[in-house]
Structure formats: structure tokens, C-alpha cells
Amino acid sequence: MTAVLGLFDSGVGGLTVLRRVLERHPDVTCVYLGDTARVPYGNRTPDEIRVIAAEVVAWLRSTGVTTVVMACNTTNALARDVAEGRAGVPVIGLIGAAASLVDESRVGVLATPATVQSSAYRVSIEALRPGTLVIEQACPAFVPLIETGDLLSDDLRQIAMRYLEPLLEASVESIVLGCTHYPLLEPLFRQLLPASVRLIDPALAVARQLDAVLGPPSSLPGQGVSLDHCRLCVTADPTGFAARATPWLGQRPEVELIHLHP
Ligand code: DGL
């Protein structure tokens, strides 16, 4: 049976995961759901996030996907069990995969408020690397700004400096981008951080983990990606989503509007 991946996120963030997956497995068939009607997830309560996870995974399953990729840390932190219960197929998440990429003894994590409150990253990194100092920083303003297409404004820069300050004061050696929207801010982070601080994108570990499902990688990272086998869907504003996705995907995608509550 041909594998079909189902990826989901609240908006454009999960495209950072989709791109990493397509760079490594260019021919894979994918369905992507951006739940743009309900973005941001990370400022919501755990109960709301669990209801949302159940609905988006049920919809992905209805399209026939054979593996679900939680391209959203917030649902991964708070509703992985819900996703597994609904999926009935293997579920791959970011947080456990990310811990395997950490190699330093002082680590920062930038994530949504809900993910930070869950402590999922700290628990996962400490379990794999006992003794690691993990400092988590909630970044409530990032996703709403990124979803308006703002990746480099002065306001965003001021906010980013405020969020990075506690991590720099703690002399972290690496920072995990613990929300899939944040790799879109990598150019800004690189301007604000010393060159010695390594940025860790958990999506790289997810793409590697998918080798077990999709076989060995068939292209090198950094190449352009093809969306020929991808169906991109959102729950609101397909035109705006296509525009915001364009710089990251290197092409303007076709985007379909779907309804989770018919
Ligand atoms: N990109 C998602 C994450 O990784 C959700 C962000 C949000 O909607 O707040 O957490």
C-alpha cells in the first residue's frame, strides 16, 4: 500500500515540517491541513486543544491518510494521546524527535504558552539527557504576527529580543524552535543571537524518523520541493494562506477550503 502522510497545524507553521519532509522524501503523497479558522492554538486551554486535535485528526483520517504527522508542537504536547486514539494509524510527533537532536548541556526552548505550560520539552529532553539545563520561554505574540505575514518588522524584533533575553542570560548553547511557526523567524533569530548559539529545528528529526515509513531518503536537503503529490487544505482564507506559504515553499500553492463541521 502506498503511504499517504497527513500533516496538520493551526496555520502556515506546519509547512516548515512539510518542506523538511519533501526535501528528504520528494515523491511522498501528502494531505496538509492548516486550521486557520482557529489559529493560534497555543493561546488556548488544554481542553480546547484536545477537542481540536480530535477533529483535525478525524478529518485527516477521512481522507485516507496512512500516517499522521503532528506538525504542531502544541497539540503534540497536550493531545498526542487524543491524536493516537482518533488516528487508528501510526502518529509521528515532534517533541520526542527533537530531544534526540539536543547535544548541549544548556538548552533554551521557544514555544507557545500552552506547550511551555505542559513542560513537555523539558521532560522529554531531561529524560534523554539527564542533567541538561532546559529553559523554556513562552512566546504568545509570535504566531499571530507570523500569520499576518510579519517575519521581520521592528515590533517583531523588539518582541523577539524580549523573549530571547532570559535564554541569553542563562548562556544557552542551543535553542529548540519548539513551535513549527518559528523556523520562519530563523533569519531574525540569527540577527539577534551570537553565532555560537545553535538553532534546532525538530522537523529535521521528524523527516528522518519517516525513513522507517517511506524508506531511505531520495534527495538532499536544501533542494527545491515539488508539491505535485500534495493536497493543501485550510479551514479559512485559502488565498491569504497561499500568499503566506509562497516564500517558504518557493512557489504559490493551490489551497483548498474545507469545513470540519459540515
Ligand atoms: N505551530 C504550532 C506549534 O507548533 C501551533 C502554534 C499556534 O497556533 O499557536 O505549536
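Okay, residues lined up against (1) modelled with pLDDT under 95; (2) loosely packed, with under 15 Cβ neighbours inside 10 Å; (3) among the hydroxyl-bearing types (Ser, Thr, Tyr); (4) under 18 Å from the mean Cα position of the chain (by Cα):
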position	(1), (2), (3), (4)
Val206	no, no, no, yes
Pro217	yes, no, no, no
Ser226	yes, yes, yes, no
Cys230	no, no, no, yes
Gly240	no, no, no, no
Trp248	yes, no, no, yes
Arg252	no, yes, no, no
Pro262	yes, yes, no, no
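Quick check, is Glu48 closer than 20 Å to Thr180 by Cα, of a type outside the set (S, T, N, Q) and without any contact (Cβ under 8 Å) to a residue 12 or more places away in the chain? Lay out the reasoning, then the answer.
Values: closer than 20 Å to Thr180 by Cα: yes; of a type outside the set (S, T, N, Q): yes; without any contact (Cβ under 8 Å) to a residue 12 or more places away in the chain: yes.
When the stated conditions are applied, Glu48 passes them.
Under 9 Å between Cβ atoms, which residue pairs at least 6 apart in sequence (or on different chains) link something in the range 93-121 that is within 14 Å of Leu167 (Cα to Cα) and within 11 Å of the ligand (Cβ to nearest atom) with a partner that is open to solvent by less than 10 Å² (accessible area, probe 1.4 Å) and of a type in the set (S, T, N, Q)?
Partner pairs satisfying both residue conditions: Ala111/Asn73; Ala111/Thr74.
Can you pull out every residue in the range 6-34 that is over 19 Å from Arg80 (Cβ atoms), more than 14 Å from the ligand (Cβ to nearest atom) and of a type in the set (A, V, I, L, M, F, W, C)?
Leu22, Val28, Cys30, Val31
Can you tell me which condition Val102 does not meet? The list is (1) within 27 Å of Pro247 (Cβ to Cβ); (2) modelled with pLDDT of 95 or more, and all the others hold.
Val102 satisfies every listed condition except (1).
If I go through the range 122-132 residue by residue, how many of them are of a type in the set (Lys, Arg) and either more than 16 Å from the ligand (Cβ to nearest atom) or crowded, with 24+ Cβ neighbours inside 10 Å (or both)? Break it down into steps so the answer makes sense when it comes.
The initial filter retains those residues of the range 122-132 that are of a type in the set (Lys, Arg), namely 122, 129.
Now restrict to residues that are either more than 16 Å from the ligand (Cβ to nearest atom) or crowded, with 24+ Cβ neighbours inside 10 Å (or both): 129.
Of the residues in the range 122-132, 1 are of a type in the set (Lys, Arg) and either more than 16 Å from the ligand (Cβ to nearest atom) or crowded, with 24+ Cβ neighbours inside 10 Å (or both).
Please count how many residues of the range 13-40 are under 15 Å from Val225 (Cβ atoms), β-branched (Val, Ile, Thr) and in contact with a helix residue (DSSP H, G or I) (Cβ under 7 Å, 6 or more places away or on another chain). Break it down into steps so the answer makes sense when it comes.
Initial filter on the range 13-40 (under 15 Å from Val225 (Cβ atoms)): 14-30, 32.
In the following step, the residues that additionally are β-branched (Val, Ile, Thr) were identified as 16-17, 21, 28-29.
After this cut, where a residue has to be in contact with a helix residue (DSSP H, G or I) (Cβ under 7 Å, 6 or more places away or on another chain) as well, the list is 16-17, 21, 28.
Going through the range 13-40 one residue at a time, the tally reaches 4.
Could you tell me how many of the residues in the range 76-103 are within 24 Å of Ser171 (Cα to Cα), open to solvent by less than 30 Å² (accessible area, probe 1.4 Å) and not hydrophobic (A, V, I, L, M, F, W, C)?
0
Where residues in the range 112-140 are among the aliphatic types (A, V, I, L, M) and more than 17 Å from the chain's Cα centre (by Cα), which of them is nearest to Val102 (Cα to Cα)?
In this case the residue turns out to be Ile125.
Are there helices (runs of 4 or more DSSP H) fully within the range 182-262 with at least 3 residues that are farther than 28 Å from Leu101 by Cβ? List them. I'd like the intermediate steps shown before the answer.
Working: elements: 186-192, 202-209, 211-214, 238-249.
Qualifying helices (runs of 4 or more DSSP H): 238-249.
Identify all residues within the range 132-153 that are part of a strand (DSSP E or B), closer than 14 Å to Leu177 by Cα and out of contact with any Gly (no Cβ under 6 Å at 6 or more places or on another chain); write none if there are none. Give the steps one after another, and end with the answer.
Here is the first cut: in the range 132-153, the residues part of a strand (DSSP E or B) are 133-138.
If we keep only those that are closer than 14 Å to Leu177 by Cα too, we end up with 134-138.
Once the filter is applied, which keeps residues that are part of a strand (DSSP E or B), closer than 14 Å to Leu177 by Cα and out of contact with any Gly (no Cβ under 6 Å at 6 or more places or on another chain), the range 132-153 yields Val134, Glu136, Gln137, Ala138.
Filter the range 167-225 down to the residues that are β-branched (Val, Ile, Thr) and more than 14 Å from Gly108 (Cα to Cα) and list them by number.
Pass one, the range 167-225, residues β-branched (Val, Ile, Thr): 172, 175-176, 180, 197, 200, 206, 213, 225.
The answer is Thr180, Val206, Val213, Val225.
Which count do you get for residues in the range 165-191 that are surrounded by fewer than 21 Cβ atoms within 10 Å (Cβ to Cβ) and more than 16 Å from the ligand (Cβ to nearest atom)?
12
What do you reckon, is Leu145 in contact with a strand residue (DSSP E or B) (Cβ under 6 Å, 6 or more places away or on another chain), under 16 Å from Tyr41 (Cβ atoms), within 15 Å of the ligand (Cβ to nearest atom) and among the aliphatic types (A, V, I, L, M)? Talk me through it step by step, then tell me what you get.
Working: in contact with a strand residue (DSSP E or B) (Cβ under 6 Å, 6 or more places away or on another chain): no; under 16 Å from Tyr41 (Cβ atoms): yes; within 15 Å of the ligand (Cβ to nearest atom): yes; among the aliphatic types (A, V, I, L, M): yes.
When the stated conditions are applied, Leu145 does not pass them.
The values are calculated or read from the model by the stated rules, or taken from the named source; none is laboratory data. The structure presented is a predicted model; accordingly, all values stated were derived computationally and were not measured. Glycine gets a Cβ as well: all are built from the backbone with ideal geometry, and neighbour counts include every protein chain shown. Side chains included, ligands, DNA and RNA excluded: accessible areas come from the protein's heavy atoms. Shrake-Rupley method; radii C 1.70, N 1.55, O 1.52, S 1.80 Å.
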